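Since the structure comes first, as structure tokens, the remarks are kept for the end.
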Protein chains: 2
Amino acid sequence: MPYFDAASSAPLHPVARQALLAALDEGWADPARLYREGRRARLLLDAAREAAAEAVGCRPDELTFTPSGTRAVHSGISGALAGRRRVGRHLVFSAVEHSSVLHSAAAHEAQGGSVSEVAVDRSGAVSAQAYAEVLREDTALACLQSANHEVGTEQPVAEVAELCRAAGVPLLVDAAQSLGWGPVPGGWSLLAASAHKWGGPSGVGLLAVRKGVRFTVQGPADEREAGRAAGFENLPAIVAAAASLRAVRAEAAAESVRLRALVDRIRARVPQLVPDVEVVGDPVRRLPHLVTFSCLYVDGETLLHELDRAEFSVSSGSSCTSSTLAPSHVLRAMGVLSEGNVRVSLPTGTAGEEVERFLDVLPRVVAEVRERLGAPVSAPPSPAVTASLVVDALGKRCPIPVIELAKVIGEVPRGGTVTVLSDDEAARLDIPAWCAMREQEYVGEEPADRGSAYVVRRLT
Amino acid sequence: MPYFDAASSAPLHPVARQALLAALDEGWADPARLYREGRRARLLLDAAREAAAEAVGCRPDELTFTPSGTRAVHSGISGALAGRRRVGRHLVFSAVEHSSVLHSAAAHEAQGGSVSEVAVDRSGAVSAQAYAEVLREDTALACLQSANHEVGTEQPVAEVAELCRAAGVPLLVDAAQSLGWGPVPGGWSLLAASAHKWGGPSGVGLLAVRKGVRFTVQGPADEREAGRAAGFENLPAIVAAAASLRAVRAEAAAESVRLRALVDRIRARVPQLVPDVEVVGDPVRRLPHLVTFSCLYVDGETLLHELDRAEFSVSSGSSCTSSTLAPSHVLRAMGVLSEGNVRVSLPTGTAGEEVERFLDVLPRVVAEVRERLGAPVSAPPSPAVTASLVVDALGKRCPIPVIELAKVIGEVPRGGTVTVLSDDEAARLDIPAWCAMREQEYVGEEPADRGSAYVVRRLT
């Protein structure tokens, strides 16, 4: 039963399990107490902090353990913004950050702060130049992920850190997806990460704040973790987090080469095996273990369900999955197809045979879903008969609007238009993406009585 | 090596350990995902919530798992205050609440809110009447602990809840110390608790918010835990917390009777075995496992150190312990002696022989510390020679000022005074407490060039 969703949560590393068990016996007492159980707990906490700080590349007294990566991001952003309130209240971040960053930014804006969202290219990467352009006199903080959690693209963190340094603006790096693979290069000021992403236990995040960075903790005072993370320390989990970070780092060089080759194979084979697929994200500057692709004419939830039946656990940024009705903000910011989206993120130790079996199963599953939805087969369009057509896809959810468009595009002559009426949020992203994939012209969107009218001109 | 500090953190219950181990294997995945590992995690989370809600006495959808008891209190207070901002910004709490409540109140005051602190009597209990008197039109929230964490005194929660209900004010109960012993009675509106206090793992708190209570989550949005606790769920620990709560509850009836008898024995024997001791807290309306006493002429840190050498782990609210220089706010609010303070809180399973051994060791340890400090032996005072005396104890930390006072009180005639000059914060509490214990008259405190002058009149 291959689990291919390490980017959501990695299975517990054996070293984490072992360390957790030991620390349950030795580390349950309050490390602030002076009796022997407390002193023992304090020793464990200090050792864990030293090990984690070494892996992060900071001093132990710069590192705080938080209850999760999300809390590390929330505390890091709110503390850095408050610490530099006199400078200004402008916050910079990329359009493809994790929701914890975007939600922090929204909270900041709701409290009267100003924000600049930096756009990404079609691979999901920001340019350092784009960051340079939005930094202002009153910029209090800039945020940038080390690598994207949905498409794996690495960001130019060192370059952005350098120009932030030159502008006197601290940079917070969300390293949740990459810290297990290696330290974040360059002169970042704050760093956040999450243990369960590298095979550590849940319940532990890291927040590093470099000496000299102005930082004012928000919320009620508390004496734990230098005042930066309120509440009794989750010590056994902290010990396990530090031990497993050290362990995965020791394996990272060899394992990243191995998984990179497996992902390269998926990137190469999926477009050969499955028609009408777009593999997204940077093919080279990327996380070793993660690949994302989208399949035209497929809905993500059905695809995930069928892959689960075939014993593959993957995730999706499609709009029609799980609890969300909007397509992934990452895919939207990249301007790529979101329908039939699949993210494969391989845990360390994934066998090559599992990947081969996935490549074996995927084409059949996609074909079945397409057949069930009545999707068009990739074939020469039928002779053109009318100059323009209107397709009513109101009330229909993705991928139906795109399927309807694809079915009739051949019925208009070259230069003619198809107008798709749709009230599905995903259509706004997926109809232009389909046009780009099919080399048709996306004319634009007009408001309609219900939803929008998307106009497409046939070119080929 | 008897560990008598369960009120700080209880050793992990065997059921918690067992449940944690099982959940490490079954519950590491993201419960929001639809594939089988996610569905399995979701089932575990739902079952844990149902079990914990039953033990709390609320509906599962009223219960949120937080990263700690402190975070439950912080979120509960900030959310309830924000939810009732239109009503007003007045917050009520007792003078002996846990620091997480007091720090939340300080943060609220710093943001322009108003607060009322309800005083306690010498046993540490509030009166319902005192709560009734401070409730106002603009009171947004009242807070009251179920039982005090330092002296064990139970609070009249049901009565206070009833009059809060009548006044239309929600009551938040901090049940951290009592939830393992039984549900909190009465019509509370919000409840906070902490798993590591009942033998569950660290990293898990509970926050219950009754349906109908206005509640507006503060901080950045997050989809986890109904938006009330941001970050990836600490699932294995949550499962262990719920399982152990159920387990300790099953043992609570028998174990509370047994530990109550052991604590009664400590309460009775310590004053017989150790001269000049004050046992504090309500002798009857109290937690079953906790007792606190203070020893005149002893400093808390040395006492704890010597008890640790004798293999007993206890804690202290004395000023001269660990990282704090101020005596416990609880002892101060009660107006009882803080010097030589010892809190004994027995974990479940404590054997009677361990308590007997403690009673055997304690008198010797106290006598040694007193001898080292040159404390007066309880003996008839020497003949009076002068009508008034001034003792300079400037620069000397507790318990020296009280020792100096006790040494010379016999040198003034009945009706004469001793003035103690002291710049030690604990003297303000301990000199009046000594007067009460010794039946001397505490005349009052006057500002001096350095510190204060404490005037005591000899009566006996």
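The values are calculated or read from the model by the stated rules, or taken from the named source; none is laboratory data. Note that this is a predicted model, so its numbers are computed, not measured. No Cβ is skipped: glycine too gets one built from the backbone with ideal geometry, and neighbour counts run over all protein chains shown.
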Note: among A:E251, A:E233, just one is more than 21 Å from the chain's Cα centre (by Cα) and within 14 Å of chain B (Cβ to nearest Cβ), namely A:E233
Inside the stretch B:264-282, the number of residues satisfying the requirement of being free of Cβ contacts under 8 Å to residues at least 24 places away in the same chain and either in a helix (DSSP H, G or I) or out of contact with any strand residue (DSSP E or B) (no Cβ under 8 Å at 6 or more places or on another chain) (or both) is 4
Here the qualifying pairs (Cβ atoms under 9 Å; residues six or more apart or on different chains; first in the stretch A:439-460 and crowded, with 19+ Cβ neighbours inside 10 Å; second assigned to a loop (DSSP other than H, G, I, E, B) and of a type in the set (A, V, I, L, M)) come out as A:Q440/A:L459; A:G451/A:A393; A:G451/A:L394; A:R458/A:A384; A:R458/A:V412
Given the conditions (1) in the same structural domain as B:R357 (by TED's automatic domain parsing); (2) surrounded by fewer than 17 Cβ atoms within 10 Å (Cβ to Cβ); (3) touching a strand residue (DSSP E or B) at 6+ places or on another chain (Cβ under 8 Å), every one holds for B:A261 apart from (3)
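Taking A:L24, is it in contact with a helix residue (DSSP H, G or I) (Cβ under 6 Å, 6 or more places away or on another chain), buried (at least 20 other Cβ atoms within 10 Å of the Cβ), modelled with pLDDT of 95 or more and not aromatic (F, W, Y)? Write out each step before concluding.
Details: in contact with a helix residue (DSSP H, G or I) (Cβ under 6 Å, 6 or more places away or on another chain): yes; buried (at least 20 other Cβ atoms within 10 Å of the Cβ): yes; modelled with pLDDT of 95 or more: no; not aromatic (F, W, Y): yes.
When the stated conditions are applied, A:L24 does not pass them.
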Filtering the stretch A:32-58 for residues that are of a type in the set (D, E, K, R), crowded, with 18+ Cβ neighbours inside 10 Å and within 31 Å of the chain's Cα centre (by Cα) leaves a count of 1
B:D174 fails exactly one of (1) acidic (D, E); (2) in contact (Cβ under 8 Å) with a residue 60 or more places away in the chain; (3) facing chain A (nearest Cβ under 10 Å), namely (3)
> Would a scan of the stretch B:75-86 turn up a residue that is under 24 Å from A:I238 (Cβ atoms) and in contact with a Gly (Cβ under 7 Å, 6 or more places away or on another chain)?
Replying inline: no
Checked against (1) farther than 19 Å from A:S189 by Cα; (2) within 12 Å of another protein chain (Cβ to nearest Cβ), A:R246 satisfies every condition except (2)
Scanning the stretch B:309-324 for residues that are at pLDDT 95 or above and not in a loop (DSSP other than H, G, I, E, B), the one surrounded by the most Cβ atoms within 10 Å (Cβ to Cβ) turns out to be B:S313
In the stretch B:14-58, anything more than 10 Å from chain A (Cβ to nearest Cβ) and either of a type in the set (K, R) or assigned to a loop (DSSP other than H, G, I, E, B) (or both) is listed as B:R40, B:R42, B:R49, B:G57, B:C58
Of the conditions (1) surrounded by fewer than 24 Cβ atoms within 10 Å (Cβ to Cβ); (2) touching a strand residue (DSSP E or B) at 6+ places or on another chain (Cβ under 8 Å), the single one that B:Q129 does not satisfy is (2)
Residue pairs within 6 Å by beta carbon, gap of at least six or interchain, first lying in the stretch A:401-422 and assigned by TED's automatic domain parsing to the domain that holds A:S452, second in a loop (DSSP other than H, G, I, E, B) and of a type in the set (S, T, N, Q), listed first then second, are A:G410/A:S382; A:V412/A:T386
Of the candidates A:A252, A:A226, the one satisfying the condition of being in contact (Cβ under 8 Å) with a residue 60 or more places away in the chain and closer than 30 Å to B:A6 by Cβ is A:A226
(Q) farther than 30 Å from A:L20 by Cβ, surrounded by fewer than 24 Cβ atoms within 10 Å (Cβ to Cβ) and modelled with pLDDT of 95 or more: is that true of B:G168 in this structure? (A) yes
Conditions (1) of a type in the set (A, V, I, L, M, F, W, C); (2) within 12 Å of chain B (Cβ to nearest Cβ); (3) under 19 Å from the mean Cα position of the chain (by Cα) -> A:V284 fails only (2)
When the stretch B:329-339 is checked residue by residue, the ones that are at pLDDT 90 or above and surrounded by 24 or more Cβ atoms within 10 Å (Cβ to Cβ) are B:V330, B:L331, B:M334, B:V336
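Select from the stretch B:288-312 the residues that are in contact (Cβ under 8 Å) with a residue 24 or more places away in the chain and under 17 Å from B:L331 (Cα atoms) and list them in ascending order.
Just the residues of the stretch B:288-312 that are in contact (Cβ under 8 Å) with a residue 24 or more places away in the chain, to begin with: B:288-300, B:302-304, B:306-307, B:310-312.
Those that are in contact (Cβ under 8 Å) with a residue 24 or more places away in the chain and under 17 Å from B:L331 (Cα atoms): B:L290, B:V291, B:T292, B:F293, B:S294, B:C295, B:L296, B:Y297, B:V298, B:D299, B:G300.
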All conditions in (1) closer than 22 Å to A:F215 by Cα; (2) touching an Asp or Glu at 6+ places or on another chain (Cβ under 9 Å); (3) aliphatic (A, V, I, L, M); (4) surrounded by 24 or more Cβ atoms within 10 Å (Cβ to Cβ) are true of A:A29 except (1)
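Just checking, which of B:V96, B:V118, B:V92 is away from chain A (no Cβ under 13 Å), in contact with a Gly (Cβ under 6 Å, 6 or more places away or on another chain) and crowded, with 20+ Cβ neighbours inside 10 Å? Walk me through it before giving the result.
Working: B:V118 fails: in contact with a Gly (Cβ under 6 Å, 6 or more places away or on another chain); B:V92 fails: in contact with a Gly (Cβ under 6 Å, 6 or more places away or on another chain).
After ruling out the rest, the residue left standing is B:V96.
Report, by residue number, each residue of the stretch B:184-217 that is of a type outside the set (A, V, I, L, M) and within 14 Å of chain A (Cβ to nearest Cβ).
The first filter runs over the stretch B:184-217 and keeps only residues of a type outside the set (A, V, I, L, M), leaving B:185-189, B:194, B:196-203, B:205, B:210-212, B:214-216.
Of everything in the stretch B:184-217, those that are of a type outside the set (A, V, I, L, M) and within 14 Å of chain A (Cβ to nearest Cβ) turn out to be B:S194, B:H196, B:K197, B:W198, B:G199, B:G200, B:P201, B:S202, B:G203, B:G205, B:T216.
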Across (1) touching a helix residue (DSSP H, G or I) at 6+ places or on another chain (Cβ under 9 Å); (2) within 11 Å of chain A (Cβ to nearest Cβ), B:S75 clears everything bar (1)
Legend entry - Flag for A:R258 being more than 14 Å from chain B (Cβ to nearest Cβ) and within 30 Å of A:W28 (Cβ to Cβ): no
